[in-house]
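The values are calculated or read from the model by the stated rules, or taken from the named source; none is laboratory data. Owing to the predicted nature of the structure, the values given are computational and were not obtained by experimental measurement. So basically every Cβ, Gly included, is an ideal-geometry build from the backbone, and we count neighbours across all protein chains shown.
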Amino acid sequence: MTKEECQAAARYWEEKDAESVKLEPGKLRSMVEEYIQSSNTCALATGTGDYVRCTPIEYSWHDGCFWMFSEGGKKFVGLEKNPHVCLAIYDRYEGFGSLHGMQVMGLAELVEPFSEAYNDHAARKKISLEFLRKLPSPMHLICVRPTRIDCLFSDFKKLGCAPRQTLLLEETL
């Protein structure tokens, strides 16, 4: 593949999306949140320089963010140096008429153990602080604030819109 062919392939969705019928933003946000809450596992991609890691991990969704407890692992190589992450949530492929998946770009933050946010998330997960304090190594908490969510839902077609929709969110951390 030539450089030009690769660049054209990279622009494919930008060009297609520019002409597509968009869903009303409030309805899109509602459907996005419903889909996020219908699952609890994602693939979290982190990286720095020429190092990239993609980790399946359980998440919770609240306060407009993804929250993930982790004992550790190679995902922290990227998280230490680069807050930009991507995560994916998707259903098993059963055909074009039942596509459900999303790609989330966002900013990750490592939450200080036993801070107010950490303690709040532990309570939401029904994990006692006493239990967390007794662990031989700390349980880390990753918070991902989404900045862009690209969805591919066949359901959007039933609403008269393109099956691919993008929700842009505030970039803050």
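Miscellaneous remarks
- Taking helices (runs of 4 or more DSSP H) as the structural unit, those lying wholly within region 92-173 and holding at least 2 residues that are small (Gly, Ala, Ser) correspond to 116-124.
- No other residue among Asp50, Asp63 is out of contact with any Asp or Glu (no Cβ under 7 Å at 6 or more places or on another chain), charged (D, E, K, R) and either closer than 28 Å to Asn119 by Cα or surrounded by 13 or more Cβ atoms within 10 Å (Cβ to Cβ) (or both) apart from Asp63.
- For region 1-39, taking the residues that are hydroxyl-bearing (Ser, Thr, Tyr) and under 18 Å from Cys65 (Cβ atoms), the one that is surrounded by the most Cβ atoms within 10 Å (Cβ to Cβ) is identified as Tyr35.
- Residues of region 11-41 classified as basic (Lys, Arg), part of a helix (DSSP H, G or I) and modelled with pLDDT of 90 or more, total: 3
- In region 97-112, the residues that are modelled with pLDDT under 95 form Cβ pairs under 6 Å with partners that are crowded, with 18+ Cβ neighbours inside 10 Å and not hydroxyl-bearing (Ser, Thr, Tyr), at six or more places apart or across chains, as follows: His100/Phe153.
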